[in-house]
Amino acid sequence: MTVSDYQTAPHEATRNACYLCAPLGASIAFSGIARCLPYLHGGQGCATYIRRYTISHFREPMDIASSSFGEEATVFGGKDNLFCGLKNVISQYQPDLIGIASTCLSETIGENVPALIEEFRQSVDLGETQLVFASTPSYAGSHLTGFHKAVLATAKALAVKKEEHGGINIMPGMVSPADIRYIKRICQDLGISAALLPDYSDTLDGVSWPEYHCFPEGGTPVSVLKGMGGAKASIELCRFSDPQLSAASFLEKCHGLPAYRIGLPVGVRAADEFMDLLSGYAGRPLPDGYTRERGRLLDAYVDAHKYVFGRKALVYGDADFVMGIGRFLAEIGMVPALCTADKGGNLAGQAEDLLAGVEKAVVLEGADFADIETLAAELKPDIFIGSSKGYKLARSLGVPLVRLGFPVHDRLGGARLRCVGYAGTQELFDRIVNALLEHRQDESDIGYSYM
């Protein structure tokens with residue numbers, strides 16, 4: 001296994017990035033809090049772009065407020081726009097929390113947003129409405145950076161109560177709503193009271209409405225988040241994200257809670273680690289249903305080994321996603337020939353230990369799709385695994401793409417794609433095997449109907 005052994009020609013700008021903007025990630029994180037409205041302090045175009053981008057993935061309505069900078073605000077500052085916008089949101093939505101995220105514009109002009117928010121607090125009766133701010137200029141990270149900054153800012157602002165309540169905190173990272181529902185079901189079956197930050201399992205994948213609602217149902221209530229400091233422990237499925245942006249580490253430092261930063265639980269070994277951790281805090285063994293899920297997954301490994309062994313995969317996305325999938329591919333006998341992620345994580349420092357013994361695996365940080373195209377021509381992968389952004393390249397190479405992660409714009413159901421735990425791994429494994437089989441059939445002159 002090598003880390004950044006393959007070098008591409010130097011270039012001054014990113015060409016077709018694998019990642020998205022930081023305020024987008026913050027908006028998604030804030031959407032996982034009950035009755036929370038994301039608010040972008042910057043131009044109207046940022047909010048419009050992010051709404052369109054998230055709606056086309058989740059297929060759900062999403063409101064994002066904005067300070068709507070114009071020329072005057074850009075030159076003289078956006079204080080008046082911010083105050084006016086926050087007043088309008090409070091009067092029209094009556095939110096429990098407003099999640100404020102900065103944009104490139106407000107950060108570039110040097111806007112002191114925390115000071116402005118404090119001035120607003122002193123001048124207006126907020127009632128029960130909480131204000132949380134995350135600094136998220138896009139030039140300082142990816143959408144995952146913004147996501148983790150929003151989660152950390154929320155924990156810092158709300159987790160003040162220290163009364164012990166016996167529950168645990170779970171920071172699932174930017175997984176699908178379906179994955180979050182699965183995690184919640186595990187906790188429920190084990191009798192664990194879990195505070196998830198965030199929980200957009202219903203807010204971004206809800207039911208049809210007969211009439212308009214200001215806020216969708218679901219999300220973790222502010223009252224629950226205020227009690228995070230009294231939990232038994234915090235579990236964060238973000239081992240490779242920047243440790244300085246870890247909400248679990250913050251709660252450990254400020255409230256003395258044990259912090260477990262583990263990888264994304266994809267594959268039998270990684271899922272075992274997560275399940276054992278939950279089972280240990282519950283003080284009871286896993287219900288039989290999950291044991292059987294594990295057994296069916298192992299049986300599927302045996303059944304499909306001949307189809308996947310030695311096949312090379314190219315995985316792209318954020319660091320936790322890439323390494324979680326990379327470890328899983330090594331577990332089933334595939335070769336993660338190229339794992340590439342944005343620079344917001346801690347990939348290079350840990351990848352060698354996790355993929356030790358996996359030959360021909362290449363791990364890159366900060367690669368864009370132009371770099372990936374150059375390397376893919378040399379490595380010749382059999383399959384791509386990642387978001388819809390890789391479709392054009394996969395098609396040009398004649399390689400199947402298994403869509404997973406964010407965004408999935410060219411297929412329905414991106415919010416319901418699972419990879420976490422035994423059941424999620426089973427779904428992903430079946431999709432990978434069937435994609436390889438389908439490609440083999442399509443490329444065959446004979447057209448086998450029995451594989």
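The values are calculated or read from the model by the stated rules, or taken from the named source; none is laboratory data. Because the structure is a prediction, the values reported are computed rather than measured. All Cβ positions, even for glycine, are placed from backbone atoms using ideal geometry, and neighbour counts span all protein chains on display.
In region 65-114, what residues are of a type outside the set (Ser, Thr, Tyr), touching a residue at least 12 places away in the same chain (Cβ under 8 Å) and at positive phi?
Answer for region 65-114, where residues must be of a type outside the set (Ser, Thr, Tyr), touching a residue at least 12 places away in the same chain (Cβ under 8 Å) and at positive phi: Gly77, Gln94.
Which residues, counting only those in region 114-140, are among the aliphatic types (A, V, I, L, M) and either surrounded by fewer than 21 Cβ atoms within 10 Å (Cβ to Cβ) or farther than 18 Å from Ala29 by Cβ (or both)? If you could, list the steps in order and put the result at the bottom.
Within region 114-140, the first condition is being among the aliphatic types (A, V, I, L, M), and the residues that meet it are 115-117, 124, 126, 131-132, 134, 140.
Matches in region 114-140: Ala115, Leu116, Ile117, Val124, Leu126, Leu131, Ala140.
Consider Asp382 carefully, then state whether it is more than 16 Å from Asp318 (Cα to Cα), modelled with pLDDT of 85 or more and crowded, with 19+ Cβ neighbours inside 10 Å.
yes
Identify the single condition in (1) touching a Gly at 6+ places or on another chain (Cβ under 7 Å); (2) at pLDDT 95 or above that Lys162 does not satisfy, given that it satisfies every other one.
Every condition holds for Lys162 apart from (2).
Starting from residues that are within 27 Å of Glu163 (Cβ to Cβ) and either in the same structural domain as Cys419 (by TED's automatic domain parsing) or under 21 Å from the mean Cα position of the chain (by Cα) (or both), keep the ones in region 248-273 and report whichever is surrounded by the most Cβ atoms within 10 Å (Cβ to Cβ).
Filtering region 248-273 down to residues within 27 Å of Glu163 (Cβ to Cβ) leaves 248-262.
Narrowing the set further to residues that are either in the same structural domain as Cys419 (by TED's automatic domain parsing) or under 21 Å from the mean Cα position of the chain (by Cα) (or both) leaves 248-251, 259-262.
Details: Ala248: 27, Ser249: 18, Phe250: 21, Leu251: 25, Ala259: 19, Tyr260: 19, Arg261: 19, Ile262: 16.
The selected residue is Ala248.
May I ask you to list the residues in region 187-214 that are at pLDDT 95 or above and in a loop (DSSP other than H, G, I, E, B)?
Passing the criteria: Gly191, Ile192, Ser193, Leu197, Pro198, Asp199, Tyr200, Ser201, Asp202, Thr203, Leu204, Asp205.
I'd like to verify a number: residues in region 364-410 that are part of a strand (DSSP E or B) and closer than 21 Å to Thr425 by Cβ, how many? Steps first, answer last, please.
The initial filter retains those residues of region 364-410 that are part of a strand (DSSP E or B), namely 364-365, 383-386, 401-403.
Cutting the leftovers down to closer than 21 Å to Thr425 by Cβ gives us 383-386, 401-403.
Number satisfying all stated conditions: 7.
Please indicate, with yes or no, whether at least one residue in region 75-98 is over 19 Å from the mean Cα position of the chain (by Cα), modelled with pLDDT under 90, of a type in the set (A, V, I, L, M) and assigned to a helix (DSSP H, G or I).
yes
Among the residues of region 232-254, write down those that are modelled with pLDDT under 95, of a type in the set (A, V, I, L, M, F, W, C) and outside any helix (DSSP H, G or I).
Result: Cys238, Phe240.
Could you please find all residues in region 277-293 being under 17 Å from Gly424 (Cβ atoms) and in a helix (DSSP H, G or I)?
Leu277, Leu278, Gly289, Tyr290, Thr291, Arg292, Glu293, listed by residue number.
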